[in-house]
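Q: If you scroll down you'll find the structure; I have some questions about it.
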Amino acid sequence: MFDINTFSNKLKQYSEGIPEKFLSDISVERLYKICLELEEKSKLFNLTAITDPDEVIKKHIVDCLFLASEIENWDKGNGKILDVGSGAGFPSLPVAAVLDDYSMTALDSTAKKINYIKNTSDIIGVTDFDAVASRAEDAAKTNMREAYDIVTARAVARLSVLAELCIPFLKVGGYFISMKGAAAEEEVKEAESAVKKLGCKFCKIVPYTISNLPDKRFLVIYKKISSTAAIYPRNYSQISKKPL
Ligand code: SAM
């Protein structure tokens with residue numbers, strides 16, 4: 001990774017469209033530490049396929065800052081965010097790094113990744129941060145059910161499957177925001193009946209692009225309008241073989 005001054009300059013250069021307040025000295029320092037940890041621990045176990053420092057800044061950090069800025073546009077409620085399938089901490093860590101007045105829970109089925117995320121949250125100095133090692137289908141049957149104001153996910157599953165993994169965690173009135181690539185609109189159509197059965201209504205798709213990258217990116221946003229029936233989520237093989 002670059003030294004912190006070069007990192008800061010590049011981050012600012014790649015952050016067109018990102019609110020300036022997310023690029024304060026403290027936020028930049030936290031985001032830098034996330035990148036350093038990622039680089040360091042990736043030598044020990046498989047955390048990310050993206051290793052080029054410029055790409056890490058654009059595809060991991062700036063991508064997640066777009067999500068953070070969108071989160072602020074919706075009712076905050078009690079400010080409890082859950083990130084499903086957080087992997088190496090994306091989007092949970094960068095979002096927590098810049099949104100101080102929200103609490104963040106990262107969920108992943110891999111305990112190693114969850115330990116990594118928790119340790120990194122301590123290193124960057126965010127306090128209202130929890131990390132849970134569990135499959136989403138199991139965690140959604142605990143007291144985490146219908147307990148969050150915002151549920152996020154990136155690169156976990158197609159929307160028709162992801163909806164059943166994520167929506168049970170949302171309080172009625174909360175928002176499900178997934179980060180999607182070029183197939184977003186097609187996935188939204190495919191997931192229409194699933195999101196309805198799970199108690200959500202479609203709000204909007206927010207398109208964005210990250211500095212100089214050709215890929216189109218989208219935030220897909222749903223609002224929960226009624227409680228999810230207790231039969232959901234089903235077990236993973238049913239969810240993936242027969243999306244709702
Ligand atoms: N969100 C991260 C990102 O964008 O860099 C990680 C994406 S990675 C491709 C998908 C992650 O989702 C993996 O870490 C995997 O362990 C986790 N995952 C997949 N299915 C899951 C489930 N049913 N419950 C919890 N975690 C799951």
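Readers should treat all values here as calculations from the given coordinates under stated rules, not as data from a laboratory. Computed from a prediction, not measured in an experiment: that's the story for all the values here. Every residue, glycine among them, receives a Cβ derived from its backbone with ideal geometry; neighbour counts consider all protein chains shown.
Q: Charges only on Cβ, +1 for Lys and Arg, -1 for Asp and Glu: so what's the dipole of the range 1-146 about the Cα centre, in debye to the nearest 20? Don't skip to the answer; put the middle values down first.
A: Details: 17 positive and 25 negative charges, 80 e Å.
So the dipole magnitude of the range 1-146 works out to roughly 380 debye.
Q: Here's another thing I want to ask about it. Specify the inter-centroid distance of the range 206-240 and the range 90-146, based on alpha-carbon positions, in whole Å.
A: Measuring centre to centre over Cα atoms gives 18 Å.
Q: So if I place +1 on the C-beta of Lys and Arg and -1 on the C-beta of Asp and Glu, and nothing else carries charge, what would the dipole magnitude of the chain be about its Cα centre? I want it in debye, nearest 20.
A: In debye, rounded to 20, the chain gives about 1000.
Q: Sticking with this structure for a sec: Suppose we keep just the DSSP beta bridges with both residues in the chain; what percent of those would be antiparallel, to 5?
A: Given both bridge residues lie in the chain, the antiparallel proportion sits at roughly 40 percent.
Q: Fewest Cβ neighbours within 10 Å first, please rank I61, I231, I167 accordingly.
A: Values: I61 28, I231 7, I167 24.
Neighbour counts put them in this order, fewest first: I231, I167, I61.
Q: Next question, about the same structure. Please arrange T228, T120 by how many other C-beta atoms lie within 10 Å of their C-beta, fewest to most.
A: So the residues, fewest neighbours to most, are T228, T120.
Q: Further, regarding this structure: Do the alpha carbons of any pairs in K197/K224; K80/K197; K41/K141; K189/K216; K80/K118 sit beyond 20 Å of each other, and which pairs?
A: K80/K197; K41/K141
Q: Mind sorting T6, T105, T110, T48 by how few other Cβ atoms lie within 10 Å of their own Cβ, fewest first? Mind dumping the intermediate values first?
A: Details: T6 11, T105 23, T110 14, T48 17.
Least crowded to most crowded, the residues run T6, T110, T48, T105.
Q: Counting only residues 5 or more places away or on other chains, whose amide H sits under 5 Å from the amide H of V132 once H atoms are built in the peptide plane?
A: Residues meeting the criterion, in which the H sits 1.01 Å from N, are A106, L107, D108.
Q: Next question. First measure r as the distance between the Cβ atoms of E16 and S227, then evaluate 1/(1 + (r/R0)^6) with R0 = 41 Å and state the FRET efficiency to the nearest 0.05. Intermediate values should be presented prior to the final figure.
A: Numbers: r = 40 Å, r/R0 = 0.98.
Result of the calculation: an efficiency of 0.55.
Q: On to the next question. Against the longest principal axis of the chain, how steep is helix 4-14, in degrees 0 to 90 to the nearest 10, with axes from Cα atoms?
A: 50
Q: At q = 0.07, 0.08, 0.09, 0.18 Å⁻¹, what base-10 log of I(q)/I(0) does the Debye formula yield for the range 4-241 when every alpha carbon is treated as an equal point scatterer in vacuo?
A: -0.20, -0.27, -0.34, -1.43
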